[in-house]
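S.K.: Mind having a look at this structure? Questions to follow.
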Amino acid sequence: MARFTLPKRHRLIETNRMTENRKLEVWVQETAAMCQPERVVWCDGSDHEYQLMLRLLVQAGTAIRLDGERRPNSIFVRSDPADVARVEEFIFICSRQQGDAGPTNHWRDPAEMKRTLTQLFSGAMKGRTLYVIPIAKVGVQVTDSPYVVASMHIMARVGAPVLEALGPDGEFVRGLHSVGAPLAEHAADSPWPCNTGTKYICHFPETREIWSFGSGYGGNALLGKKCHALRIASVQARDEGWLAEHMLILGITNPEGRKAYMAAAFPSACGKTNLAMMNPTLPGWRVETIGDDIAWMKFGADGRLHAINPEAGFFGVAPGTSMRSNPNALRTCRENSIFTNCAITPDGDVWWEEMTEAPPPELVDWLRRPWAPGNGRTAAHPNARFTTPARQCPVISPEWENPKGVPISAILFGGRRAGVVPLVNEALDWRHGTFLGSIMSSETTAAAAGAVGRLRFDPFAMLPFCGYHMGDYFAHWLRIGASADPAQLPRIYHVNWFRKDPDGRFLWPGYGDNSRVLKWIFERTEGTGKAVETPIGRLPAPGALDLSGLRIPDSSMAELLRVDVEGWMAELPAIKSHLARFEPRLPQGLREDLAALEQRLQKAAVAAGR
Ligand code: GTP
Ligand code: SPV
Ligand code: MN
C-alpha cells in the first residue's frame, strides 16, 4: 500500500489508541491517512460503546428504537433500497495468479485492484469516524459505519481482549470497510449512507486482506463473516490442513440420552438457521445449536473432525420466521437485537411476512410507506434480517464456545430442489460425499442481489464464499478425507426439504419434522439405521424413516424417496459441463465418481426398461 502522510491542516483526532501491536498501529495510521476520517476510535467491545452506537444510529435517522417492553434494547433499521443483500457481481478474489481464483470467482490483478481501491478509499471517510474493531480469531476491521460496529458487537467477540491476544507482533487479517459516502462539510447525512453507483468487495488471499467499498449491508460489510471467516479462512484452511465451511453445527440427543453432532451446508436462505435450532417433532429427541452459518473444522487429538462456530451471533433471515416454524429464533431475538428491512408496527415492534397468522392491520413497510394487508406488496424485504446474540438462543449448546469444538458424526449437504433430488441420500464414502458436495445445485434466493428461483450449481454451498480455485477446494476435501482413518470420518448425506408437487406445494413438512431425517442419520452413524443401495447412494430402507404421528400421503413419501433415474440421466450433461469447468484442476477421484454414477444410472435404466 502506498505510504500516506496526513495533511498538516487535517490533524487526526485519535481518541484512544489501544494496541501495542506495531503492525496494527502502522496499518491504522496509514488507513486513516488515506481515508481522512474526522477521528479514529478504537472499539473496546463494552456495553457502553454498544449503547453509544445505538444512540448515534437513532440520532442519524438510521435506526428507530423499538418499544422497550416488546423489544428491550433493540433497534429497527431500514437500508437504502439499493443496498439490501450480498452483491456477488462485485465480489473479487485478487490472487496473484488468475488461475488461483478459479472459474467461479471474479478475478482482478491485485496491484491493479489496489490502485483502483486506493483511489476510491482516498478521502472516503471525510466527515465520518473511523472505527477500529478487533475481532477474535483474529482479524481487525476498520469501518466508518456505526451500524457495522453495533452489528459486529453482536456477531463476534470484539474489543480489548482481542488486542491482548494479538500481542506486540501477532498476525491478523486486515479488513478495511467504507460505506463509500464521504460527507462534505455541513452537509446532511443520509439515513443509510452507501455508494449506490460503485461497490467492490475485494479479497487478497495471499496477504490476508479484505477491502470492501460502497455497501453497508450484511455479508458485504460485516467483514468478519463471509469475507474473513469463509473466503480468507478457506485459503488459510487449505494451507494449514483444515476446513472453513458455510455450515451450521448442531447437537442432537436421542431419547436414551446419546448425543451426536452434525454440520450442514445449505446455500444462503436454504434452512441452516432453522435446522440449527429446531424443535424436533419426534418425542424425546432434542436439538441444540452450536452455530447457524459457519463452521471451522479441524482434526482433534482423537482423530475426529471437530467443529467450532467462529461467530457469536446470528444474522438470520426474518421473513418466514414464526412461532410455528422457528420459535427458538423468535425467542432469541426478543431483546438486544438489530432488525433490518422489516416492517414496523404502530406500537413500536417489528413485523415480517408469516411472523403471525394474520398481519397487523397497519404497518410502515421497509420502504417507509404505509402498508395494509392485501395491498399486494410484502411489508418486509425478502432478505430482511435479525442480528441477535447466539447466547440468547434457548437451545444453545453448553458446548457452543468450547475452543476444542464438537466432534462431527455427520455432514449434510442440501439445497432448494423442486424436483429430482430425494429427501435424503447417504454417500457411499468420503470421496462420494465430496462428489455429492461438488455437484450440489439449488434455486437462488434473496440473500444475494439478482434473480430468485434460478437453478444453479452451488458446490458445498460455497459458490459465493470459496476464496480460491474450486477445483483445488475439491482436492482439499479429498486430501482431508485421505489423511484420516475412514472409520473416524463423518458420514456424508445429501438432503432436500424443498421437493414440490406439480402444483408447487412442498411435499415435505420440513422444520421440526426434519428431525425424522436427522434420526435416520443418527441411527446410520450408530450402525443401526437400515438403508437400501441405489444408483445415487443409500436411501432409507422401507420403514426406516420414522413417520410416526405424521400425516403425509403415501404417494408423497414415495415421491420424496424415489430415485428418479430419468431425471438424473437428464441432468448428467449439465453435471458434466459443470465439473468440466474445473479442468484441469478437477481431481481424478471426482472424474471417477462421475463415471461411476453414469454407469450405475445406465444399468438402472436398462433394468427398468426390461
Ligand atoms: P442464510 O442466513 O442466508 O445463510 O440462510 P439459512 O440457510 O440460515 O436459511 P434459514 O434457516 O434462515 O431459512 C431461509 C428460509 O427458508 C426461511 O424463509 C425459512 O422459513 C425457510 N425454510 C427453512 N427450513 C425450511 C424447511 O424445512 N422447509 C421449508 N419449506 N422451508 C424452510
Ligand atoms: C448468506 O447470504 O449466506 C448470509 C447472509 O448468511 S450474509 O451475511 O449477508 O452473507
Ligand atoms: Mn449464510
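The values are calculated or read from the model by the stated rules, or taken from the named source; none is laboratory data. Owing to the predicted nature of the structure, the values given are computational and were not obtained by experimental measurement. With ideal geometry, Cβ positions are generated from the backbone for all residues, glycine too; neighbour counts draw on all protein chains shown. Heavy atoms of the whole protein, side chains included, go into the accessibility calculation; ligands, DNA and RNA do not. Shrake-Rupley method; radii C 1.70, N 1.55, O 1.52, S 1.80 Å.
S.K.: Quick one: which residues, 5 or more positions from PHE299 or on another chain, have an amide H under 5 Å from its amide H? H modelled 1.01 Å from N in the peptide plane, none for Pro or chain starts.
M.R.: Those qualifying (amide H under 5 Å, at least 5 residues apart or on another chain) are HIS306.
S.K.: What is the Cα centroid distance between the stretch 455-470 and the stretch 47-109, reported in whole angstrom?
M.R.: What the calculation gives is 22 Å, centre to centre.
S.K.: Filter the GluC sites (Glu not before Pro) in the stretch 71-171 to those in DSSP coil with at most 16 other Cβ atoms within 10 Å of their Cβ, and list the result.
M.R.: Passing sites in the stretch 71-171 are GLU171.
S.K.: Shifting gears a bit: Show me the GluC sites (Glu not before Pro) within the stretch 12-73 that DSSP assigns to loop and that have at most 10 other Cβ atoms within 10 Å of their Cβ.
M.R.: GLU69
S.K.: Restricting to bridges with both residues inside the chain, how much of the DSSP beta-bridge set is antiparallel, in percent to the nearest 5?
M.R.: Counting DSSP beta bridges with both partners in the chain, the antiparallel share is about 65 percent.
S.K.: Where the Cα atoms of the stretch 491-568 are projected onto their three principal axes, how long is each span, largest first, in whole Å?
M.R.: 38, 32, 19 Å, listed from the longest principal axis down.
S.K.: Could I ask something else about it? Grab the other residues whose beta carbon is less than 12 angstrom from that of PHE474, score K and R as +1, D and E as -1, and report the net.
M.R.: Values: positive: ARG238, ARG431, ARG479, ARG581, ARG585, ARG591; negative: ASP472, GLU583, ASP593.
Residues close to PHE474 contribute a combined charge of +3.
S.K.: Here's a follow-up. With both bridge residues required to lie in the stretch 1-152, what share of the DSSP beta bridges run antiparallel, to the nearest 5%?
M.R.: Percent antiparallel among DSSP bridges in the stretch 1-152 is about 50.
S.K.: When a/c is below 1.5 the answer is rounded, else prolate if a/b is larger than b/c, else oblate, so apply that to the stretch 354-443 with a ≥ b ≥ c taken from the square roots of the Cα gyration tensor eigenvalues.
M.R.: The shape class here is oblate.
S.K.: Taking only the alpha-carbon atoms of the stretch 159-312, what semi-axes of the equivalent ellipsoid follow from 5 times the gyration tensor eigenvalues under a square root, in whole Å, largest first?
M.R.: Whole-Å semi-axes of the equivalent ellipsoid: 35, 22, 14.
S.K.: With just the Cα atoms of the chain, tell me how far they stretch along each of the three principal axes, in Å, largest first.
M.R.: 86, 57, 42
S.K.: Further question on the same structure: Would you mind classifying the stretch 451-583 by shape? Square roots of the alpha carbon gyration tensor eigenvalues, ordered a ≥ b ≥ c; an a/c under 1.5 is rounded, otherwise it is prolate if a/b is larger than b/c and oblate if not.
M.R.: Because a/c hits 1.5 or more and a/b fails to exceed b/c, the stretch 451-583 counts as oblate.
S.K.: Follow-up. Given the pairs LYS199/LYS576; LYS199/LYS500; LYS519/LYS576; LYS500/LYS576; LYS272/LYS576; LYS114/LYS404, which span a C-alpha to C-alpha distance of over 30 angstrom in this model? Could the numbers behind the result be given before it?
M.R.: Values: LYS199/LYS576 34 Å; LYS199/LYS500 37 Å; LYS519/LYS576 33 Å; LYS500/LYS576 25 Å; LYS272/LYS576 28 Å; LYS114/LYS404 37 Å.
Pairs exceeding 30 Å: LYS199/LYS576; LYS199/LYS500; LYS519/LYS576; LYS114/LYS404.
S.K.: Additional query: If you roll a 1.4 Å probe over the heavy atoms of the protein chains, what accessible area per residue do you get for the chain, in Å²?
M.R.: For the chain, the solvent-accessible area averages 39 Å² per residue.
S.K.: Tell me the accessible surface of ILE308 in square angstrom (1.4 angstrom probe, heavy atoms of protein chains only), to the nearest ten.
M.R.: 40
S.K.: Over the heavy atoms of SER46, what accessible area does a 1.4 Å probe trace out, to the nearest 10 Å²?
M.R.: For SER46, solvent-accessible area is about 40 Å².
S.K.: List the GluC sites (Glu not before Pro) within the stretch 315-410 that DSSP assigns to loop and that have no more than 10 neighbouring Cβ atoms inside 10 Å. Walk me through the numbers before you get to the answer.
M.R.: On the way: sites: GLU335, GLU353, GLU354, GLU357, GLU362, GLU399, GLU401; in loops: GLU335, GLU353, GLU354, GLU357, GLU362, GLU399, GLU401.
Filter output for the stretch 315-410: GLU357.
S.K.: Would you work out what percent of the accessible area of the chain, with all protein chains in place, is carbon or sulfur (probe 1.4 Å)? Walk me through the intermediate numbers first.
M.R.: Working: 12270 of 23930 Å².
Exposed carbon and sulfur together represent 51 percent of the surface.
S.K.: Determine the order of VAL364, VAL162 by accessible area, beginning with the largest, at a probe radius of 1.4 Å.
M.R.: Working: VAL364 55, VAL162 10 Å².
Output order, biggest surface exposure first: VAL364, VAL162.
S.K.: Return the FRET efficiency for the residue pair ALA574, THR198: r is the Cβ-Cβ distance, R0 is 41 Å, and the value is rounded to the nearest 0.05.
M.R.: Using R0 = 41 Å, I get an efficiency of 0.75.
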